[in-house]
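Structure, as structure tokens:
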Amino acid sequence: MITFDEFKKMEIKIGQILSAEKVPETDKLLKLSVDFAEGTLRQIISGISAYFPDLQTLVGKKCAFVTNLEPRTIRGLESNGMILAVSGENAGDSFFSLLETTPDVLPGSAVK
């Protein structure tokens with residue numbers, strides 16, 4: 001369990017995915033270029049490749065990301081955030097879904 005004050009430290013913002021490409025020599029990793037309306041794009045490395053055989057389906061999506069994690073190097077690439085998703089099973093069927101917003105939500109909007 002964490003305290004509410006600890007939870008409040010987490011910064012969750014909406015980012016728009018501008019590009020997605022596979023990380024070479026990996027099966028799971030994608031390199032995402034994400035706009036948070038900060039003036040520069042962020043690179044996010046995520047293990048969601050299996051769920052998106054057509055990477056173009058990711059481009060343009062506005063999703064929730066944790067944006068105040070310390071940068072982490074994954075396979076030599078710096079990752080500056082974490083995309084949020086849900087996965088599990090329902091009646092024996094697996095599911096996976098990114099936490100997306102409606103099109104009118106602006107990149108950089110804070111999740112409260």
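The values are calculated or read from the model by the stated rules, or taken from the named source; none is laboratory data. Everything quoted here is computed from the prediction, not taken from an experiment. Reconstructed Cβ throughout: ideal geometry from the backbone, glycine too, with neighbour counts over all protein chains shown.
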Exercise for review: May I ask you to list the residues in the stretch 57-77 that are exposed (fewer than 15 other Cβ atoms within 10 Å of the Cβ), under 17 Å from L18 (Cα atoms) and touching a residue at least 12 places away in the same chain (Cβ under 8 Å)?
Suggested key: V59, G60
Check your understanding: Can you find a residue in the stretch 21-39 that is within 18 Å of V66 (Cβ to Cβ) and touching a helix residue (DSSP H, G or I) at 6+ places or on another chain (Cβ under 7 Å)?
Key -> yes
Exercise for review: Kindly indicate the residue of the stretch 1-15 that is of a type in the set (A, V, I, L, M, F, W, C) and within 21 Å of D35 (Cα to Cα) and also surrounded by the most Cβ atoms within 10 Å (Cβ to Cβ) among those meeting that condition.
Suggested key: I14
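Per-residue answers, yes or no, for (1) acidic (D, E); (2) within 11 Å of the chain's Cα centre (by Cα); (3) closer than 17 Å to G108 by Cβ:
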{"site": "E25", "(1), (2), (3)": "yes, no, no"}
{"site": "E38", "(1), (2), (3)": "yes, no, yes"}
{"site": "S46", "(1), (2), (3)": "no, yes, no"}
{"site": "R72", "(1), (2), (3)": "no, no, no"}
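Residue check: is S87 exposed (fewer than 14 other Cβ atoms within 10 Å of the Cβ) and modelled with pLDDT of 95 or more? Let's see the steps before the verdict.
On the way: exposed (fewer than 14 other Cβ atoms within 10 Å of the Cβ): yes; modelled with pLDDT of 95 or more: no.
So S87 fails the test.
So in the stretch 96-112, with the set limited to residues that are in a strand (DSSP E or B) and among the aliphatic types (A, V, I, L, M), which one is surrounded by the most Cβ atoms within 10 Å (Cβ to Cβ)?
The first filter runs over the stretch 96-112 and keeps only residues in a strand (DSSP E or B), leaving 96-98, 100, 110.
Within this subset, residues satisfying the condition of being among the aliphatic types (A, V, I, L, M) are 98, 110.
Details: L98: 19, A110: 9.
Only one residue tops the list, namely L98.
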Review point. Can you name the number of the only condition in (1) under 15 Å from E21 (Cβ atoms); (2) of a type outside the set (G, A, S); (3) free of Cβ contacts under 8 Å to residues at least 24 places away in the same chain that N90 fails?
Key: (1)
